[in-house]
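Shown next, in structure tokens, is the structure this report addresses.
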Amino acid sequence: MDSLYIHIPFCNRICAYCDFNKFLIDNQPVDTYVDMLIKELKYLKERSLKTIYVGGGTPTALNLNQLERLLSFINDNFNVSHEYTFEANPDELTTEKISLLKEYGVNRVSLGVQTFDNELLKILGRTHNFDDIYRSINHMEKIGLDNYSIDLMYNLPGETSQHIEDSLNNIKVLQPKHISWYSLIIEKHTIFYNKIKQGKLHIANSEVEGKRYERVMEGLKKIGYHQYEISNFSSDPKYESMHNKTYWKNNEYYGAGAGSHGYVNGERYFNVKPVPHYINRMKEDTNAIKEIHKLSNKEMYEEEMFLNLRLNKGLKINQFKDKYGVSLFDIYGDVIEKHINQNNLQINGEYLSLTEQGKMVGNDVFIDFLID
Ligand code: SF4
């Protein structure tokens, strides 16, 4: 077991597009939550890990005291050999919080920028603005926590192609080590979903979305970023997110906190989502697992394909046989042949991967790997 994900389910404001397990922080029992999270972490078997990722919600919504309690517990109880990431919102990342993260060994920040445009940020319901982005990055660089990723979205309501160009120009100025740039997905039970249903909000069609994606890939390549996953780019291979590659390589990991999930011994588990339920469970128990799902062979094969094919490098063909004792081509020979013929998949040495064209129609390719 190399990786651990820790969930902080609190935010200072709820964004219009968000369907994560998150709650407005006002009047929440945050101190008790941190206590119970620490209790859950105490019962994890593994103490030496390659990566820890603290996400949310927004971990930087915690106050200094809460943050320090969590950080110092992790510091005293875990040995993180490679990558220790905290997600952060630009307006919440004060110099005090950055110093605290650095003091306790955090070596990577994933900054929720989303867009550099103040009007679009308002539409998204974000609490930060353009100046907050530059200020927080400036502080991180001064304090020496300069391995940061910028998280962006495209295909936003009100977005034009010029917004993409502006983001690319800002990236050129800032030169972050890593960029995640996802297309906005309209999820059910969000403000955006309801507004679109009522005809009050519009997003571009899939043709425009495809063009934006092409421009993102091409624009980042031109300014020196290499793409290693469908939506992820780094300035150098050493800055690829090792933690997220755990997910894409379909390796196992722990999850802790309300609504988090983990993957251990071939079983995916899910913790209870609401904060009060999580706290009550943890007061009486050593974990807060709501459901454990033992993966069937079919599910394991499917996940192996969907996840590994997200990576530019793709799936190591022999690894499939080593993991499952059966040849990749015995299970998926016809599908692979079909998509190689359609120029969506390619074999490069030991790896099967999406072609440039395949990246544009990734979901159509993935669907074919579902076994009836
Ligand atoms: S800050 Fe992040 S987790 Fe919180 S509501 Fe916004 S998108 Fe969701």
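The values are calculated or read from the model by the stated rules, or taken from the named source; none is laboratory data. Being a predicted model, the structure only gives us computed values, none of them experimental. Because the Cβ atoms are built from the backbone with ideal geometry, glycine has one as well, and the counts that use them run over all protein chains shown. Surface areas here come from the heavy atoms of the whole protein model, side chains and all, with no ligands, DNA or RNA. Shrake-Rupley method; radii C 1.70, N 1.55, O 1.52, S 1.80 Å.
Things to note:
- The lone exception for residue 207 - which of (1) at pLDDT 95 or above; (2) more than 30 Å from residue 146 (Cα to Cα); (3) in the same structural domain as residue 162 (by TED's automatic domain parsing) it fails: (1)
For every residue, the table says whether it meets (1) assigned by TED's automatic domain parsing to the domain that holds residue 167; (2) in a loop (DSSP other than H, G, I, E, B); (3) more than 16 Å from the ligand (Cβ to nearest atom); (4) surrounded by fewer than 15 Cβ atoms within 10 Å (Cβ to Cβ).
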| residue | (1), (2), (3), (4) |
| --- | --- |
| 60 | yes, no, no, no |
| 70 | yes, no, yes, no |
| 82 | yes, no, yes, yes |
| 85 | yes, no, no, no |
| 101 | yes, no, yes, no |
| 106 | yes, yes, yes, no |
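- Scanning segment 1-11 for residues that are open to solvent by 20 Å² or more (accessible area, probe 1.4 Å) and at pLDDT 95 or above yields a single hit, 5.
- Within segment 1-52, being within 16 Å of the ligand (Cβ to nearest atom), part of a loop (DSSP other than H, G, I, E, B) and not polar (S, T, N, Q) holds for 9, 13, 14, 15, 16, 17, 18, 19, 20, 22, 25, 26.
- Residues that are closer than 30 Å to residue 360 by Cβ, open to solvent by 60 Å² or more (accessible area, probe 1.4 Å) and free of Cβ contacts under 8 Å to residues at least 12 places away in the same chain within segment 279-311 are absent altogether.
- Count of residues meeting criterion [loosely packed, with under 15 Cβ neighbours inside 10 Å and within 15 Å of the chain's Cα centre (by Cα)] in segment 12-35: 1
- Yes/no for residue 167 being at pLDDT 95 or above, within 16 Å of the ligand (Cβ to nearest atom), in the same structural domain as residue 60 (by TED's automatic domain parsing) and surrounded by 19 or more Cβ atoms within 10 Å (Cβ to Cβ): no
- Test: residue in segment 291-298 that is in contact with a Phe, Trp or Tyr (Cβ under 6 Å, 6 or more places away or on another chain), more than 21 Å from residue 206 (Cα to Cα), among the hydrophobic types (A, V, I, L, M, F, W, C) and not in a loop (DSSP other than H, G, I, E, B): yes
- Restricting the first member to segment 74-95 and to residues that are without any contact (Cβ under 8 Å) to a residue 60 or more places away in the chain, and the second to residues that are charged (D, E, K, R) and assigned to a strand (DSSP E or B), the beta-carbon pairs closer than 8 Å and six or more apart or on different chains are 80/50; 81/50; 84/108; 86/108.
- Single unsatisfied condition, residue 258 versus (1) open to solvent by less than 40 Å² (accessible area, probe 1.4 Å); (2) among the aliphatic types (A, V, I, L, M); (3) modelled with pLDDT under 95: (3)
- Condition check for residue 304: outside the structural domain of residue 46 (by TED's automatic domain parsing) and closer than 30 Å to residue 217 by Cα: yes
- Residue 38 modelled with pLDDT of 95 or more and either more than 16 Å from residue 259 (Cα to Cα) or within 17 Å of the chain's Cα centre (by Cα) (or both): no
- Filter pass, residue 364 being exposed (fewer than 14 other Cβ atoms within 10 Å of the Cβ) and more than 14 Å from residue 308 (Cα to Cα): yes
- Failed condition for residue 56, given (1) surrounded by 23 or more Cβ atoms within 10 Å (Cβ to Cβ); (2) within 16 Å of the ligand (Cβ to nearest atom); (3) at pLDDT 95 or above: (3)
- Residue check for residue 319: at negative phi and part of a helix (DSSP H, G or I): yes
- Elements of the type helices (runs of 4 or more DSSP H) sitting completely within segment 162-266 and holding at least 1 residues that are touching a helix residue (DSSP H, G or I) at 6+ places or on another chain (Cβ under 6 Å) and among the hydrophobic types (A, V, I, L, M, F, W, C): these cover 242-248.
- Single match in 235, 231 (criterion: under 21 Å from the mean Cα position of the chain (by Cα), closer than 24 Å to residue 85 by Cβ and surrounded by 19 or more Cβ atoms within 10 Å (Cβ to Cβ)): 231
- Members of segment 40-49 that are out of contact with any Gly (no Cβ under 8 Å at 6 or more places or on another chain) and surrounded by 17 or more Cβ atoms within 10 Å (Cβ to Cβ): 41, 44, 49
Here's the yes/no breakdown for (1) touching a strand residue (DSSP E or B) at 6+ places or on another chain (Cβ under 6 Å); (2) within 23 Å of residue 72 (Cβ to Cβ):
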| position | (1), (2) |
| --- | --- |
| 4 | yes, yes |
| 8 | yes, yes |
| 13 | no, no |
| 18 | no, no |
| 21 | no, no |
| 29 | no, yes |
| 32 | no, yes |
| 42 | no, yes |
